[in-house]
Every structure is written in structure tokens, then in C-alpha cells.
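Report on one structure; see the data block that follows.
The values are calculated or read from the model by the stated rules, or taken from the named source; none is laboratory data. Model, not experiment: these values are computed from the prediction. So basically every Cβ, Gly included, is an ideal-geometry build from the backbone, and we count neighbours across all protein chains shown. With ligands, DNA and RNA removed, areas are computed over all heavy atoms of the protein, side chains included. Shrake-Rupley method; radii C 1.70, N 1.55, O 1.52, S 1.80 Å.
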Amino acid sequence: MPLPQEATPSYDLIGVGFGPSNLALAIALDELKTTSTRPLNVVFYEKQKQFNWHSNTLTPQSKMQISFLKDLVSLRNPTSPFSFINYLHQKDRLVEFINLGQFHPSRLEYNDYLKWVSAHFSERCIYGEQALRVEPQIGKTGEIELLDVISRDCHGQQQTRQTKSLVLSLGGTPRIPSAFMLTEDNPRVFHHCTYLHSLQRFSHTHGHPGRIAVIGAGQSAAEAFIDLHDRFPSAHIDLIIRGSSLKPSDQSPFVNEIFAPRYTDFIYNKSVTEREKLISEFNNTNYSVIDIDLIERIYSILYHQQVAGEHRYTLLKHCSTEHTRHTEDSVALLIQNHSTGESLTKEYDLTVLATGYERSSHREALAPLADYLGDFKTTRNYRLETDKRLKSAIYLQGFNESSHGLSDSLLSILPFRAQEIAKELYEYALERPECQTIASV
Ligand SMILES: Cc1cc2nc3c(=O)[nH]c(=O)nc-3n(C[C@H](O)[C@H](O)[C@H](O)COP(=O)(O)OP(=O)(O)OC[C@H]3O[C@@H](n4cnc5c(N)ncnc54)[C@H](O)[C@@H]3O)c2cc1C
């Protein structure tokens, strides 16, 4: 039956973001469908025009930092058709993949796997749709059973759809150090999240860069340094780091147990102080650390230039950028050395900010609900603890590191987290009347 013109489309669930977290949720919801009295009306919004997983960072040396067996579903349901192994089988590459003898596929291949999964759920996702904010529908009693999700579609038009429950899986937002200001009209400075696109844009208008700064001491900085070295063999590249050394990520087996699904219970049940201590103890599994093979490549590049008597590559340790000056032909960085107290100004054609990500966009999206939300604490099953008046269920994926541990922003617990949330979503939706207006996606 066609909808009346003015009807606001209504859903059991709107999921915002269609990255790995909500993709895993789509699989889990699909599995539970068979045991439920009715399916849920679900729609996902994705602001990109098509599925892509960190596509601007997919350089030839970018590899997964997690085993392919920790895909979207296998840890929970190894017989799922959405496993990485089934993907390889469908693509007729299973034998060759086995011959590679590797647990860590390239990120290019993993992106292709995720795209392949997303294609199975394409009718449930609106691409090019950016959620702007979530507003309460306050009923006569003051209670909120429905939320309005305001979004902007790919034509720039605002849309409103209402939902009983919401899952925000927005990922990280690029962290830009205060000395930098990124502007559309300056192709010389960019964050690593736009690396390939920005590099292509720069090369198109300015040719090959001769002087490059890479800022950061993590995996992205190392990948960029090596990619720039391979791409522009005559460029001078400075790797500028705050610390005293490039450090390896700890992927040893005992430490890796912190990414086991059962570890989430362990950490969630600790006090705030104990959690902080544990997270800081294992920070070197994820933050400002680099795969050992990339560290060895960078060391070897620096060593070989000594042999050749060249001075093209420098690791600037203990350094931070305090100020920048943009000119037509370069960006000048005022660099402070915190060990010697000296400062120097260096000019670059290009500066890559591999400075990590922040996780606060959920707070902006939910700002209109601030009166009901307190301090964004979540239950063990990732539901926001809200004021009693707010009945709608709101779940967060990727914003719970301080309560659920370091795996929260990564891929390792996705199959279990998705199932925990999906079960509650079914229970919640089935306790309430079915949506009356169902929009076609
Ligand atoms: C370069 C890079 C490599 C990584 N490699 C690994 C790895 O090897 N192993 C690992 O465990 N983790 C890795 N990570 C961590 C990463 O966070 C996870 O791999 C994974 O991307 C988390 O999935 P997600 O869906 O929560 O977030 P994301 O993958 O970031 O997806 C969020 C999605 O939401 C969309 N979105 C955001 N805001 C809106 C909005 N308002 N409206 C609509 N859509 C929106 C975004 O476009 C995006 O597609 C890596 C991260 C980066 C940046």
C-alpha cells in the first residue's frame, strides 16, 4: 500500500554507519530472523556513496593486523556463509590463499571481503546518507518511545525517519594537531585518512613532491613513510615523532588474549581505576606502535642511506610541530625538539598527518538528547544508560573503550558484540507494537 505523502517512515532500528561494526550487526540480525516471530524493519545509513573500508589508506604494504579467522562472523558461527573462507571459496582463491601461508591478508583484500558481504545487504543500506542529529519525540506523558533521525541525502536534501532503536557505529574522526588547519584549497597538508586521494590531487596540480613530512609514530605513519619512499625515490622525507623511538606493536600470544571476547566481561566488571590501569598496560597493542616488519624496513632504509652517504630520510625524535606557515610553494613547520629545547623551521611541499583518530562524534549526533543521557555510560551489552523517560534503545559500537576494553574500536570482538546487541534489539522491538509505516529503502 503506498504511504500517505506526509507519513514519516518508521523503523524498528536505524543503524548509522555501514562499516564492519554494523555489517557484523546486519549478519547477526539476519541469523536471528529465523527464530523470531517477525523480522525487524531495519535501515542502515552510510555517508559514503558506496561501501569502502578506509579506502584511502590501502597502499600496497597495508596488511591486516588481525587474523582472517577473526572476520565478521566466524568466531561466533564458523558455518556462516559470510565467513572470509567462504568469500575466498566464492572468489575461487581458497587454494592460492592457503598456499600463501598467511594469517594476515592485505587490507585491499579485506576491503574486498567486506564489500562482498555488504553487497548481500545492499537493500538495507542507504548510501550517500549522512546522519546529522537524533531528536526525541516527546509523548504526552513526557516519555520518549521514538527518535527522529535527521539526515542529509546524496542530493543535499534533509530527511527525517523515525525509529524505536538506534545503533551508532560511526568510527573515528581524524585527529588534527592544533598547529594545523586543514582547508579544502590547500592540498599540501592532509590527514592520513585521505592519503591516496590527497596524494593524487597534489601530484595532479604540483607534480612530484620533493620535501615531505610525515607526522606520527603509529602504523599509519610507518605505512605512509614506506609508501612515499617507494613512490618518490628522490624525495626527502622526515618522519617526525614525539617519542624517543619507533616501537613495535605487541602481538604476542599471551598479550593477544586481551582481544578474546571473554575478556570484555573481565574488564567490564572491574572498577574504573582498574580498567584504566589495564587499558594503559596494553596500550602498546594498538596505539603509537608499528608492525615489526615495517620498523625493520624503515631502519634498513635509514641504514642504507648512510652507506650511500645520502641524507634524504630523517627520523626527527622528541619533536612536535608548534606552528605552521602556509605559502604558495610550501608549508613551513616550526618544530620544537623537547629533548634539546631547540626549535627549527623546515619547509615542506607536503605534510601527512598520521596523527590518529578521536572518538566523540556520537556525542555530537546525540546532542539534542543530552538532557536524558548523563555521561554516556553503556551497559555490558552496549546500550546507553539513559534517564527513565527515554524508552528508546540506543547502542554504541566503537565508543566504549574505557568500559569494554581496547578491542572496542577494533575488529576482534565484532561477531560477539553484534550478537549481543542483535538479541536485545529483537527483544526490545517485539515487546512493542509493529511499525505502522514501513519505508522502502
Ligand atoms: C587505516 C586503518 C586500518 C585499520 N586496521 C585494522 C586492523 O587491521 N585490525 C583491526 O582490528 N582494526 C583495524 N582498524 C580499526 C578500525 O576501527 C576497525 O577496523 C573498523 O573499521 C571498525 O569498524 P566500524 O564500523 O566501527 O568503524 P568504521 O570502519 O570507521 O566505519 C564507520 C562508518 O560510518 C560511516 N559514518 C560515519 N559517520 C556517519 C554519519 N554521520 N552518517 C552516516 N554514516 C557515517 C563512515 O563513513 C564509515 O563507513 C584500522 C583502522 C584504520 C583507520
On a 0 to 90° scale, report how tilted helix 414-430 is relative to the longest principal axis of the chain, with both axes built from alpha carbons and the result rounded to the nearest 10. 20
Give me the accessible area per residue for region 47-179, probe 1.4 Å, as a whole number in Å². 51
Taking the convex hull of the alpha-carbon atoms of region 182-325 and averaging its shadow over every direction gives an area in square nanometres of 11.6
With no solvent term and unit scatterers on the alpha-carbon positions of region 46-151, Debye gives log₁₀ I(q)/I(0) at q = 0.11, 0.14, 0.19, 0.23 Å⁻¹ of -0.50, -0.70, -1.01, -1.27
Whole-number percent relative contact order across region 274-388, with pairs defined as alpha carbons under 8 Å at least 6 apart: 11
In nm², the average projected area of the convex hull spanned by the Cα atoms of region 287-441 is 16.9
Within the chain, helix-based [θ] at 222 nm, where runs of 4 or more DSSP H residues each add -39,500 (n - 2.57), nearest 500: -9000 deg cm²/dmol
Where region 195-254 is the region considered: accessible area per residue in Å², 1.4 Å probe: 45
Please list, by residue number, every one of the trypsin sites (Lys or Arg not before Pro) in region 112-163 that is coil in DSSP and has at most 13 other beta-carbon atoms within 10 Å. LYS140
Can you give me the C-alpha center-to-center distance between region 173-249 and region 289-361, rounded to a whole angstrom? 9
Express the relative contact order of region 330-390 as a whole percentage, based on alpha carbon pairs under 8 Å and six or more residues apart in sequence. 20
Of all trypsin sites (Lys or Arg not before Pro) in region 19-109, which ones are in loop regions per DSSP and have a Cβ with at most 12 other Cβ atoms within 10 Å? LYS49
Could you tell me whether region 18-66 comes out rounded, prolate or oblate from its Cα gyration tensor? Rule is a ≥ b ≥ c as square roots of the eigenvalues, rounded for a/c under 1.5, then prolate if a/b exceeds b/c, otherwise oblate. oblate
Could you list, in their original order, any pairs among LYS140/LYS388; LYS47/LYS388; LYS33/LYS63; LYS270/LYS377 whose Cα atoms are separated by more than 24 Å? LYS47/LYS388; LYS33/LYS63
Quick one: check the C-alpha center-to-center distance for region 381-418 versus region 95-156, whole angstrom. 16
What are the extents of the Cα atoms of the chain along their three principal axes, listed from largest to smallest and rounded to whole Å? 75, 49, 46
Among ASN256, GLN336, TYR428, which residue has its Cα furthest toward the positive end of the charge dipole of the chain, with +1 on Lys/Arg Cβ and -1 on Asp/Glu Cβ? TYR428
Taking a ≥ b ≥ c as the square roots of the Cα gyration tensor eigenvalues, with a/c under 1.5 meaning rounded and otherwise prolate when a/b beats b/c or oblate if not, region 95-136 comes out prolate
Nearest 5 percent is fine: what portion of the DSSP beta bridges confined to the chain is antiparallel? 50
Take every Cα pair under 8 Å in the chain that's 6+ residues apart, average their separations, divide by the length, and report that relative contact order as a whole percent. 24
Rounded to the nearest 20 debye, dipole of the chain from Cβ charges on Lys, Arg, Asp, Glu: 320
Report in % the part of the accessible area of the chain that belongs to carbon and sulfur, leaving out ligands and nucleic acids; probe 1.4 Å. 51
Per Stokes-Einstein, at 25 °C and 0.890 mPa s, what whole-number D in µm² s⁻¹ belongs to region 130-222, with the Kirkwood radius over Cα pairs as the hydrodynamic radius? 142
Could the peptides 255-261, 209-215, 182-188 be put in order, highest first, of the mean number of other beta-carbon atoms found within 10 Å of their residues? 209-215, 255-261, 182-188
Give me the 1.4 Å probe accessible area per residue for region 273-409, excluding ligands and nucleic acids, in Å². 52
